[in-house]
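Take a look at the structure below.
What follows draws every value from the coordinates through simple rules; no lab data is involved. The model shown is predicted, which means the values in this text are computed figures rather than measured ones. Positions of Cβ are generated from backbone atoms using ideal geometry, with glycine treated the same way; all protein chains shown enter the neighbour counts.
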């Protein structure tokens, strides 16, 4: 469940809220006049596979050469 807090309250207890986000691994929504303005989310390391996800946009002929002269081929 997402927790929300007004920005004035967040400002006075920033470190405590950051520790809470880190510990609970849940996002925190900062509001202004009752409207959400910022989301604080826990940091997550990406795996190599996640980093490469959606990087190949089109690969029509996988058996064909890439069409690029490589330095090692010279």
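Does region 1-23 hold any residues that are over 12 Å from residue 40 (Cα atoms) and within 19 Å of the chain's Cα centre (by Cα), and which are they?
Residues satisfying the conditions are 1, 23.
Quick one: which strands (runs of 3 or more DSSP E) lie wholly within the chain and hold at least 2 residues that are free of Cβ contacts under 8 Å to residues at least 24 places away in the same chain and surrounded by 11 or more Cβ atoms within 10 Å (Cβ to Cβ)?
Numbers: elements: 3-6, 28-32, 35-40.
Where strands (runs of 3 or more DSSP E) fall fully within the chain and carry at least 2 residues being free of Cβ contacts under 8 Å to residues at least 24 places away in the same chain and surrounded by 11 or more Cβ atoms within 10 Å (Cβ to Cβ), they are 35-40.
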